[in-house]
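Throughout, read-outs are computed from the coordinates displayed, never taken from laboratory work. On a predicted model such as this, the values are computed, not experimentally measured, just so you know. Ideal geometry is used to build each Cβ from the backbone, glycine not excepted, and the neighbour counts take in all protein chains shown.
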Amino acid sequence: MTESQREAPLVFSSLQSIILEDPDVVQRLKSMLHGQSKGACLASIQCLSQLILTPEGEADQTVVHDNDAEPWKKHRFEARRILSEQPDFWIQTLYDLLASKDQSKETLGASCLSRLVQVGSVREEFSKSNRLPRSIEQLIRLLETHHTQAHAASSLGSMSTCLKDVIAPYRSQMADHLMLMIKHKNSKSKGAGVTCLSEYFVNDGGMRELIRQREDNLLVDLMTSLFGERNHCHYHDKGAVMKAFASIATHRENFTQLSQKRVIQTLVHILCVDRWLSAEEGVTLLEKIHSSEPRREIINEIVGVLVAISTNDANLYRTQHFFRAIYGPGKILEANPDLAPDASVMKTIVKAMAYPHSRMKAVEFLNSVAMRAENRPVIRKIHLLEKIVEIGDGSDYDALYAVRMALSVFANMQTYPKPTPPVTGECTPDTFDDLLVKPDVFAILTKDIDWDVTHTFREGHNLRQNVKAQEPGVRCIQKLITIDKARTMLFDEKIVDKLLNILAAFKDEPESGERLRLYSPKYDGLLEETLSFLATFEDSRSRIYDNEDLREKLRRFITVPEPGSRSSDASPQR
């Protein structure tokens, strides 16, 4: 957002009622433009320069309501026509302001011009003026001054495509001023400076070559000056600044610098350590960098640095976010469909799940990569599932919740990665089903599955985290039900009885049920679904009918088919 766009709502709010009430307002402004009074002429230019941007600019949308859009559109068209057809009236006035050496007049002239040249037809008329060279000279001079530099840079940036011949003598001076604006601590000037720089870097080969020769560390300097924790652009300008930086960074003549290790390290530091950009904004910036001409070597370098800095909870939270952006569904994967995380990346999941702040982001990352067949061999190779289970072997319900969520990701896979063939002399590796029925894994899935609901909860304690950890455990039990050995274990370990105890708390105790649904609205439905699924298997029905007490309890909540009756053994709805 330019300086003039930030000012626009204030001007529009004061002009809106007048303009909407007076259908002839543009003609009145035209008369003022042609009048003898310089003050009236200047006021007319100010108003017209605002009207030509309405209602399309970002700032305008906060002021102009839908039912008022048509009058604004009409005024905008008339204002543009007047300025395009009669440029001499306003060009001379603006030139006098720019050359006045008076701070307030220079600021006013630069501000008006920065808005006027955003419109193609008006910009074209200004570029034809015989006063253009002197006007450009004045704008270059105004880049030196704090109160005018943002407006001057905005004007020069808008005219980048039509100033190639005129700007040549000023390239060196202009490049110096723009880089100073970007590196200076004034956050409002940074956005205008880098936006202007990007326009000339892309559209003017002479300027691009000059900047590349002078600025050996261009991309590093831009990142640390625009997105640093203590040195950054104005927060209103984030979107425009990220776009401008990406256009410079991804230019074909800059790919060599973009792939340098120092540049990659700075980028990752900005995204994950400084963290002035939000994680979502960081992903947007990363996608912009890879959208024009993605190169695998750059992505691999970024991934390597992300792995290297994954040393603490805060960094791990961010790195999991960016790993998901790279390897999960999105623009980067679309441009590089064969991308797959290696062992070092997958191991960050285990590391992240050990930390409270980052563990759920790790589960999201796991969920995004586990669904792609290309990623499953590495999951199997590094024994990821076994490593995740170890984290849940404790009393931390948040960790248990994350582990069960991760296991439910695997449980929902249509096909789990086959185990790596054994080396001669080794034991046959476990299948996924084998892993789930191992005592330690089974215990993690079913640990205290009913304790808090049927005991502590009835005492009135807050169980949100504990109940949250139990629900994904029940989803994992649905997977266990499909395994013959696991069904036997569910009965032998009294897990079926515990599920019934939870369901009874929902059904038989209105107060408990109401509070449980507050924490987990669909938990009772999940329990009914799981127990009904269990009853579709013949061996389960036999166990149920051999236990009269269990059979009668189940019949209170679900339909239990007779042993020997036909059953679809269908999986529950996910």
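Per-structure values
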quantity	calculated
Which of F323, F255, F126 has the fewest Cβ neighbours within 10 Å, and the rest in rising order	F255, F126, F323
Loop-resident sites, the stretch 101-155, for trypsin sites (Lys or Arg not before Pro), counting at most 12 other Cβ within 10 Å (DSSP)	K101
Sorted by Cβ density within 10 Å, fewest first, the residues R230, R376, R296	R230, R296, R376
Normalised contact order of the stretch 198-282, rounded percent, pairs of Cα under 8 Å and 6 or more residues apart	32 percent
Within the stretch 163-225, trypsin sites (Lys or Arg not before Pro) in DSSP loop having at most 12 other beta-carbon neighbours inside 10 Å	K185
Relative contact order for the stretch 439-555, counting Cα pairs under 8 Å that sit 6 or more residues apart, in percent	27 percent
The stretch 71-84 - phi-based ³J(HN,Hα) in whole Hz, Karplus 6.51/-1.76/1.60, Gly and Pro as x	x, 4, 4, 5, 4, 4, 4, 5, 5, 5, 5, 4, 5, 6
Highest-first arrangement of 26-34, 342-350, where packing means the average Cβ count within 10 Å	342-350, 26-34
Taking T148, T311, T536, T559 and counting other C-beta atoms within 10 Å, the order from fewest to most	T559, T311, T536, T148
